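Report on the structure given below.
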Amino acid sequence: LPDKQRLCKLASDQTLRISFFFKVGAGEINSEHFFALERAHALHKKVLAEDFYRCNQPVKAGKNMGSNGTSDREDLSSCDAEEASDAFDDPGVEETKIEFGVLFDIDGVIALGLNPLPQAREAIRMLICPETGRPRVPFAFVTNGCALGDSKAKKLSQWFDVQVSPDQCIHSQSPLSVFTKWHHKRVLFVGQGPILEIAESLGFTNVCELEDVKKAYPLLDMVDHNNRKSVANGYVENPDFPRIECIISIGEPDRWESYLQLIIDLLVTNGKPDKAPERYPDTHLPILACNMDLVFKAEACMPRFGHGSFLLCLEALYEKITGNALQYTHLIGKPSEITYRFSEHTIAKLAMQIPGAGPIKRIYFVGDNPEVDIKGANLYNKYLGRYRRLSGSLSGPPTIEQIRAIRRQIDISKSRMIPDDAEFMEHSAKLFISILVGTGVYNPSATSMCGPHVYHGHRDIERDDELTKPHFYFDDCHKAVQFIFSKEKFK
């Protein structure tokens, strides 16, 4: 009886079950029957995976769409479908099980500036239980903006008249909360707004701002002419100012010239700029950067400089002065895989609070920017594929050391590698599915201001136009959620 039950569980569709019992009946179950059924089960899962994508062809960014979900790009490769076949179970086996989560970009997907989109109200309403006001499906918001999680959660709650928790708001700096290696180091935080509060909320205990460095070393900032006048009347240095052990830039600062000067001073002096080095070092102080957006869309008629523009200036100046390329310890924020790994971690945690949810096998990312949202989702989908291949030979769940070894084998730039010290929930996602909507940056009828040779991505992320093409396209996030529910057979 136990063998028969095991075989029944393996047979994932009802017809296959009935057929099996007619052929085998009460007779002896041998290994030939068992392996034949396993092969049939694997084939059935592959068909389910491929059928999942058959209804909607992925979109090719930059092309006009005649209707939702159609384009001239070929469907998801059979390799993706086959490798992730265990991400799809027959919905008849356990209809109430929730194995998917949803991630939304904010600006251009659920809101434009300070105004929520009406389609977003309908989309969020579908995700919330009307009786309890709690999520029916694990979902979160992912933005490259930099703010306190509480403030964004309050704003979203007001917009949609639902309770959004801070845990559902993923900012560009949010993954730093699991980067425990740096939490007790002496860290310089760069950006604008309440950056010390943000640092504290992430778990950092020993942080400072650039103003603290300027005060300790008044002679460094000579691009500030007011400071020149001030030090001419006398100054006092602080030789006991603690050495900076790490620099974390979470957003563009307000006075770029001062920040560029002092950050480079810290990099070439290993965090203690009280005397000049004998020669510029080949390596430098660890530096982490969040949000690589070169420009962003605002109310102005043209795009505005983003944090990525500041980083580009820093990279150019550092290399020009030292002769060496600036090396980031970690790049965080979309489209870096690190942020999408943290997003999977967040969805897995949220699923634990929802009855019948998890483990999460499929995550849908709804975004409006092909170069950022979609590219990041597709990069992470590739990462998951590589992780599956490398971990497939293990006899059981990987240990922490095996996970670290697998991460190091995945061929991506060092700055985008998942750090060993990051404390993430165990991998469960098999597919990361990208969905583009037409309410924000992407406009199929607009003419690009740049030629095809122009690449706005960061130098540590290879240019690959195929990665900017989503798996699916819809006019707005409401239609995207309707599609997701339809595919997941979720009511």
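Would it be correct to say that THR283 is out of contact with any Gly (no Cβ under 9 Å at 6 or more places or on another chain), at pLDDT 95 or above, open to solvent by 70 Å² or more (accessible area, probe 1.4 Å) and not in a helix (DSSP H, G or I)?
no
Checking the conditions here, which among SER177, SER172 is over 13 Å from GLY251 (Cα atoms) and of a type in the set (Ser, Thr, Tyr)?
None of the others qualify; the one that does is SER177.
Taking segment 446-487 only, how many residues are of a type in the set (Ser, Thr, Tyr) and open to solvent by 30 Å² or more (accessible area, probe 1.4 Å)?
Number satisfying all stated conditions: 4.
Report the residue count in segment 116-150 for those that are in contact with a helix residue (DSSP H, G or I) (Cβ under 9 Å, 6 or more places away or on another chain) and free of Cβ contacts under 8 Å to residues at least 12 places away in the same chain.
1
Among the numbered criteria (1) out of contact with any Pro (no Cβ under 8 Å at 6 or more places or on another chain); (2) closer than 16 Å to PHE310 by Cβ, which one does LEU262 miss?
So LEU262 meets the others, but not (1).
List every residue pair whose Cβ atoms lie under 8 Å apart, where the two residues are 6 or more positions apart in sequence or sit on different chains, the first residue falls within segment 444-460 and is farther than 16 Å from LEU294 by Cβ, and the second residue, located anywhere, is of a type outside the set (Lys, Arg) and surrounded by 10 or more Cβ atoms within 10 Å (Cβ to Cβ).
Between residues of segment 444-460 that are farther than 16 Å from LEU294 by Cβ and residues that are of a type outside the set (Lys, Arg) and surrounded by 10 or more Cβ atoms within 10 Å (Cβ to Cβ), the close pairs are PRO444/GLY62; PRO444/MET65; PRO444/GLY438.
Could you check ALA300 against (1) touching a residue at least 40 places away in the same chain (Cβ under 8 Å); (2) in the same structural domain as VAL187 (by the TED database); (3) among the aliphatic types (A, V, I, L, M) and say which number it fails?
Every condition holds for ALA300 apart from (1).
Looking only at residues that are out of contact with any Cys (no Cβ under 9 Å at 6 or more places or on another chain) and either of a type in the set (Val, Ile, Thr) or within 25 Å of HIS171 (Cβ to Cβ) (or both) in segment 216-251, which one is surrounded by the fewest Cβ atoms within 10 Å (Cβ to Cβ)?
VAL236
So, in segment 294-318, of the ones that are aromatic (Phe, Trp, Tyr) and surrounded by 19 or more Cβ atoms within 10 Å (Cβ to Cβ), which residue ends up farthest from the chain's Cα centre (by Cα)?
TYR318
Limited to segment 122-143, what total is found for residues that are open to solvent by less than 10 Å² (accessible area, probe 1.4 Å), in contact with a Lys or Arg (Cβ under 9 Å, 6 or more places away or on another chain) and over 16 Å from THR346 (Cα atoms)?
Matching residues across segment 122-143 total 2.
The values are calculated or read from the model by the stated rules, or taken from the named source; none is laboratory data. What you are looking at is a predicted structure, and each value in this text was computed from that prediction instead of being measured. Cβ atoms come from the backbone with ideal geometry, glycine included; neighbour counts cover every protein chain shown. We work out accessible area using only protein heavy atoms, side chains counted, and drop any ligands, DNA or RNA first. Shrake-Rupley method; radii C 1.70, N 1.55, O 1.52, S 1.80 Å.
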